[in-house]
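To start, the structure itself, in structure tokens.
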Amino acid sequence: MKTAARVSRLYEVMDLMLDSVGDPLALKSLAASASYSSFHFDRIFRELTGFSAVEYQRKRRLRRAAHLLRHEPDVPIVRIAQDCGFPSNAAFAKAFKQQFAMSAKAWREGGWRDYMDQQVGRESDVSFFVAEPDDLEAILAPYCPPEPGTIAARIAVRSLPALNLRYQRFFGQSGAALSFACHDFIREREQADGVPTGTAWYGVFDEDPGFTGEREYCYDFGCADDTVVDPALGLRVLPAGSYACLDFDDEWPRFRSMYEDWLDKQAVWRLDSTRPHIQKVERTPEGRWRGWLALPVKKR
């Protein structure tokens, strides 16, 4: 119970760090919010994530900056640096090049695509995580760009309501490892909590999946069933708002195809970086998986 409570408190602190990514990192305040001394907080945080709190927040700031450079082309680089918590443009330029091996300007001009393909590759997309463990063909399939217009024709912008999610947080897992972990989680919840087959499950990712390497993945997966009361699980609210939704049934589309075939060509909508990517999946009575992918969007 103590371990579960500790993990839950650290989840809350990590969410606070994400919400305040542009603010100075006050380690003492974060530690106090988790009821730890600074020393013990940093040690426990490192055990959970593999990074110190300072390093973790620096990497998140840089990924947020990379995200904004791609999706907010009209915002000056110096403004993005400030909004992501860097004290000067010089400090940002140095940190960004160390992380992504190119300047922010080169990244904005298309370098992000090379980075995504070469450094992250197919592991950059978590939208097929729940395939059955013996379906290795689906899990390991390389990304293939869709025929132009085929994904865009299926996307509809919807207003989704807020949702209270009980979730397990996964670190340092992607691709097949994440797929297996989420599948095991579903089985555990069905057995431990009696969650019925056909329950809707949600996967949540707060950053651009294409820019995050395996060691840095932070992925939330769970359900909205009020009967799930495991104290080791976190509780978060998935925010309401406009989402570009792609329905699927017995297939495994990827967020990347939504970006490339629809979002990157949009004149009306752009990504809203203040809200997460969401996937909903549920098992049909016939044993198939269906659901939707949802990109948070706002009008230009």
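See the values below:
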quantity: Cubic angstrom per residue, convex hull over Cα atoms of segment 165-300; calculated: 112
quantity: Cβ-based charge dipole, the chain, positive-most Cα from PRO148, LEU293, TYR219; calculated: TYR219
quantity: Label point at VAL75 placed 7 Å out along Cα→Cβ; residues across segment 260-281 whose backbone nitrogen lies under 20 Å; calculated: 260, 263-278
quantity: Average accessible surface area per residue within the chain, 1.4 Å rolling probe, Å²; calculated: 45
quantity: Quarter of the Cα convex hull surface for segment 23-103, i.e. its orientation-mean projected area (nm²); calculated: 5.8
quantity: Paramagnetic label zone (point 7 Å from Cα along Cα-to-C-beta, LYS299; backbone N under 20 Å) in segment 68-91; calculated: 72-75
quantity: Extended-chain gain in nm, criterion 0.36 nm per residue less alpha-carbon gap, THR197 and VAL54; calculated: 47.4 nm
quantity: Tail beyond 16 Å, pair distance distribution of segment 185-264 (Cα, percent); calculated: 65
quantity: Reachable lysines from LYS265, criterion Cα separation under 24 angstrom, eight or more residues apart if same chain; calculated: LYS105, LYS298, LYS299
quantity: Relative contact order [Cα under 8 Å, 6+ residues apart], the chain, whole percent; calculated: 20
quantity: Full-stretch length increase - GLU109, SER38 - with 0.36 nm per residue and alpha-carbon distance subtracted; calculated: 21.5 nm
quantity: Isotropically averaged projected area of the chain, using the convex hull of Cα atoms (one quarter of hull area), nm²; calculated: 15.5
quantity: Listed residue (GLY194, GLN279, TYR243) projecting farthest to the positive dipole end of the chain, Cβ model; calculated: TYR243
quantity: FRET E, pair ALA153, ASP117, Förster distance 22 Å, beta-carbon r, rounded to 0.05; calculated: 0.30
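The values are calculated or read from the model by the stated rules, or taken from the named source; none is laboratory data. Every value quoted in this text rests on a predicted model; they were computed, and no experiment measured them. Using ideal geometry, Cβ is built from the backbone for each residue, glycine included, and neighbour counts are taken over all protein chains shown. Quick note on the areas: whole protein, heavy atoms, side chains included, nothing else; ligands and nucleic acids left out. Shrake-Rupley method; radii C 1.70, N 1.55, O 1.52, S 1.80 Å.
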